[in-house]
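Okay, structure first, notes after.
Read-outs throughout are calculated quantities, based only on the coordinates presented, and are distinct from any laboratory measurement. Model, not experiment: these values are computed from the prediction. Heads up, the Cβs are rebuilt from the backbone with ideal geometry, glycines too, and the neighbour counts pull from every protein chain shown.
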Amino acid sequence: MSPYYVGDLEMSVNKKVAIIKVRGMHCEGCAKSIENALRLLDGVSSASVEFNKRRAIVEYNPEITDVDKLRQAITDAGYDA
């Protein structure tokens, strides 16, 4: 065994998933713009926007961000959430 090996750490990351209705999208490009805006937020680990279902599915760490910030990012991108 290596003298530098201390042991295994069990890490648990607190994650939640938010499903947010989005209004104002006209095309897949709109959906991509919203995804990009959401992915720029600290604490967001994934974001997917379904144009045909008019919703965003966002996985995030609630210790870093919250649903209000997710909705604000969508609004700042020019859409209603």
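Worth pointing out:
- Length available on full extension from Leu41 to Asp80: 0.36 nm per residue minus the Cα-Cα distance, which gives 12.3 nm.
- Near Asp80, once Lys and Arg are set to +1 and Asp and Glu to -1 for all other residues with Cβ below 14 Å from its Cβ, the sum equals +4.
- Per-residue ³J(HN,Hα) for segment 41-52, Karplus 6.51 cos²θ - 1.76 cosθ + 1.60, θ = phi - 60°, Hz, x for Gly and Pro: 6, 4, x, 8, 9, 7, 8, 9, 10, 9, 4, 5
- Bins of 10 Å, starting at 0 and running to the largest distance - Cα pair percent for segment 16-65: 29, 54, 16, 1
- The magnitude of the dipole of segment 37-81, with charges of +1 and -1 set on the Cβ of Lys/Arg and Asp/Glu and taken from the Cα centre, is near 240 debye.
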